[in-house]
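S.K.: Would you mind keeping the following structure in view while I ask a few things?
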Amino acid sequence: LLYRLPDSGMTSFDTTERQFSLQDSLQLAWTTPNIRTFMLSYLMITLGIGMARPFIIVYSKAVYGQSDSVLTLFTVCSILGALLMGLVLRLVIDRLGSKPMYIIFSLIIPASLLFAVVAPGIGTVTFSLIFLALLSAATNIGFAGQESAAQAYFFAAIPRNRIVDMSMLYFFILGGTGAAGAVLVPWSSGEPARARARGWACSGRNARDAAK
């Protein structure tokens, strides 16, 4: 099937264009303010996403006592959230542009995670399932939306003859921060992680009771 794929119709860059090394492209990324600002913001956001993904899993198990089979259902909810994001992004990105959508989806991520911090770790089984399903969908709307808007902004901002080298840098950041986030997140292993998650939930419940 792969051999039967039609030609993409793309042509290689003109041989008269100057050829650049990877080092030249990295230097361009650092010396160009717009690209440098984007790369730094993208690095910090994707590192946060890399830390947030295992947190949601540990949070669901430690605070609400969900089993691995139920966590699979939350994964389906995350996929549905990404599909909803795609429908919304398709309708608005041409009108608003990639930069506003990049900012909006980046703000959705901490806003959705805030509910995990302040929500009480108690409730009926039905409440727990609904809350965690909505949390999984909402956070993945932010994750997937940020990634899609970031790609649209990035490929529109970089020079045409630097796409290959800049793409390497882009995906190095994406993969590196994802791996680093999973390793560095303090909630990703052991009983201290579960105790910390339960402590966050108790703090949120106490704050809510004090507000009443």
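The values are calculated or read from the model by the stated rules, or taken from the named source; none is laboratory data. Computed from a predicted structure; not experimentally measured. Note that each Cβ is placed from the backbone with ideal geometry, even for glycine, and that neighbours are counted across all protein chains shown. Side chains included, ligands, DNA and RNA excluded: accessible areas come from the protein's heavy atoms. Shrake-Rupley method; radii C 1.70, N 1.55, O 1.52, S 1.80 Å.
S.K.: Extending each Cα 7 Å along its Cβ direction at F155 and L96, get the distance between those two points in nm, one decimal.
M.R.: 2.0
S.K.: List the residues, sorted by chain then number, that are 5 or more residues from Q66 or on another chain and whose placed amide H is less than 5 Å from its amide H.
M.R.: K61
S.K.: Once phi is turned into ³J(HN,Hα) by the Karplus curve 6.51 cos²θ - 1.76 cosθ + 1.60 with θ = phi - 60°, what whole-Hz value does each residue of the range 159-176 show in order, with x for glycine and proline?
M.R.: x, 4, 8, 10, 4, 5, 5, 5, 5, 4, 4, 4, 7, 4, 5, 4, x, x
S.K.: Rounded if a/c is under 1.5, else prolate if a/b beats b/c, else oblate: with a ≥ b ≥ c from the C-alpha gyration tensor eigenvalues square-rooted, which is the range 41-103?
M.R.: Values: a/c = 4.34, a/b = 1.71, b/c = 2.54.
Oblate.
S.K.: Rounded, prolate or oblate, given the Cα gyration tensor of the range 72-173, with a/c below 1.5 counting as rounded?
M.R.: Judged from the Cα gyration tensor, the range 72-173 comes out prolate (a/c at least 1.5, a/b above b/c).
S.K.: Averaged per residue, what accessible area in Å² does the range 51-113 show with a 1.4 Å probe, protein chains only? Let's see the in-between values first.
M.R.: On the way: 3550 Å² over 63 residues.
Per-residue value: 56 Å².
S.K.: Let me spell out the model: positive unit charges on the Cβ of Lys and Arg, negative unit charges on the Cβ of Asp and Glu, origin at the Cα centre of the range 22-168. What dipole size does that give, in debye rounded to 20? All intermediate terms of the calculation are to be shown ahead of the outcome.
M.R.: Values: 8 positive and 5 negative charges, 41 e Å.
Using Cβ point charges on Lys, Arg, Asp and Glu, the range 22-168 gives about 200 debye.
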